[in-house]
Amino acid sequence: MTELVRLADDVHALESHLRVAPGFHLPIRSTLLGVGSGELMVISPLRMDDALAARVSALGRVTHLVSPNKFHHLFVGDAAARWPDARVHLAGGLPAKLGKLGRAVPPHVALPEGMPRDVQAIPVEGMPALDETLFFHAPSRTLVVTDLVFHVLGPTQGLLTGLILRMVGAHQKLAQGLELRFMVRDREATRQSLERVMALDFTRLVMAHGVVVEVDAKERLRAALRFMLTAPPRRQLRA
């Protein structure tokens with residue numbers, strides 16, 4: 001069952017559970033941001049029936065639909081059909097992936113272009129396999145990430161979920177899955193992207209998988225991203 005919850009002024013979420021694989025289930029969140037003049041931005045749309053979609057529309061006119069990386073795209077096509085006047089934003093490498101999967105690619109702009117007012121989009125460079133963009137909602141001082149970090153706490157669903165989270169170092173804590181390290185192709189580019197993120201004035205951290213962080217969000221995120229924020233210096237070529 002998907003629930004609509006309020007996180008802050010102009011920040012809501014659709015929260016549900018995702019069966020990633022047999023025995024492996026994760027909490028999943030779509031973040032809804034008020035972006036001025038009664039408009040709404042939906043990041044990582046989830047499956048919605050008519051009743052739930054009506055509740056979303058009651059929050060504001062849906063004008064932006066976002067697939068923030070190469071993995072969170074399953075329902076953006078359905079959302080685009082439901083709200084045909086909304087602008088669709090796709091991760092840069094996603095159209096090619098959808099094409100290979102034989103799925104229709106809706107008319108769109110490539111992230112980070114075309115952001116509404118009040119939202120700053122920051123691509124995480126150097127990780128083309130993930131191709132994730134983060135979003136800073138200035139009015140609420142909220143940073144929205146997708147798969148960059150996990151924060152799955154408490155009882156989990158699925159027989160393998162706890163084991164898998166332990167294996168990737170993200171069990172019962174705010175952490176980055178170890179598998180993301182293998183996606184990094186340019187650690188310095190990734191580090192520079194994340195330093196730009198850490199310079200933002202956010203006090204709340206919202207992720208796609210796990211519990212929202214409302215206290216010490218910046219300090220805790222910096223600790224979780226320690227590997228990516230400590231890239232070794234590039235070697236200087238000798239003349």
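The values are calculated or read from the model by the stated rules, or taken from the named source; none is laboratory data. Quick caveat: nothing in here was measured; it's all calculated off a predicted structure. Here the Cβ is made from the backbone with ideal geometry for all residues, glycine too, and neighbour counts use every protein chain on show. Calculation scope for accessible area: heavy atoms of the full protein, side chains included, ligands and nucleic acids excluded. Shrake-Rupley method; radii C 1.70, N 1.55, O 1.52, S 1.80 Å.
Here residue 218 is the anchor, and the lysines within straight C-alpha reach of less than 21 Å, apart from those fewer than 8 places off in the same chain, are 173.
Only Lys, Arg, Asp and Glu carry charge here, each on its Cβ (+1 for the first two, -1 for the last two); on that basis the stretch 1-124 has a dipole of about 460 debye about its Cα centre. Residue 75 sits among other residues whose Cβ lies under 14 Å from its own Cβ, and their net charge, with Lys and Arg +1 and Asp and Glu -1, is +2. Once all protein chains are placed together, residue 118 keeps about 60 Å² accessible to a 1.4 angstrom probe.
With all protein chains in place and ligands, DNA and RNA left out, the 1.4 Å accessible area ranks 29, 117 as 117, 29, largest first. Counting protein heavy atoms only, the chain has 54 percent of its accessible area on carbon and sulfur, 1.4 angstrom probe.
Just check the chain against the gyration tensor rule for me: Cα atoms, a ≥ b ≥ c as the square roots of the eigenvalues, rounded for a/c under 1.5, and otherwise prolate or oblate depending on whether a/b exceeds b/c. Rounded, since a/c falls under 1.5. Based on protein heavy atoms only, the chain ends up with 49 Å² per residue of surface accessible to a 1.4 Å probe.
Charge tally for residue 180 (other residues, Cβ to Cβ under 11 Å; Lys, Arg +1; Asp, Glu -1): -2. Here the translational diffusion coefficient of the stretch 1-141 follows from Stokes-Einstein with Rh set to the Kirkwood radius across Cα pairs; for 25 °C and 0.890 mPa s it amounts to 159 µm²/s. The phi torsions of the stretch 59-74, fed into the Karplus equation with coefficients 6.51, -1.76 and 1.60 and a -60° offset, translate into couplings of 6, x, 6, 6, 10, 9, 10, 10, 9, x, 8, 6, 10, 9, 9, 4 Hz, rounded to whole numbers, with Gly and Pro shown as x.
Translational diffusion of the stretch 122-201 was estimated from the Stokes-Einstein equation, with Rh taken as the Kirkwood radius over Cα pairs; at 4 °C and 1.567 mPa s the coefficient is 93 µm²/s.
Taking Cα centroids, how far is the stretch 161-192 from the stretch 40-119 in Å? Computed from Cα coordinates, the inter-centre distance equals 26 Å.
Just check the stretch 5-80 against the gyration tensor rule for me: Cα atoms, a ≥ b ≥ c as the square roots of the eigenvalues, rounded for a/c under 1.5, and otherwise prolate or oblate depending on whether a/b exceeds b/c. Cα axes put the stretch 5-80 in the prolate bin. Applying the criteria of a DSSP loop state and at most 13 other Cβ atoms within 10 Å to the trypsin sites (Lys or Arg not before Pro) of the stretch 167-225 yields 185.
Straight-distance candidates among the aspartates and glutamates for linking to residue 100, with alpha-carbon spacing under 14 Å and chain neighbours fewer than 8 residues away dropped, are absent. If both residues of a DSSP beta bridge must be in the chain, then about 65% of such bridges are antiparallel.
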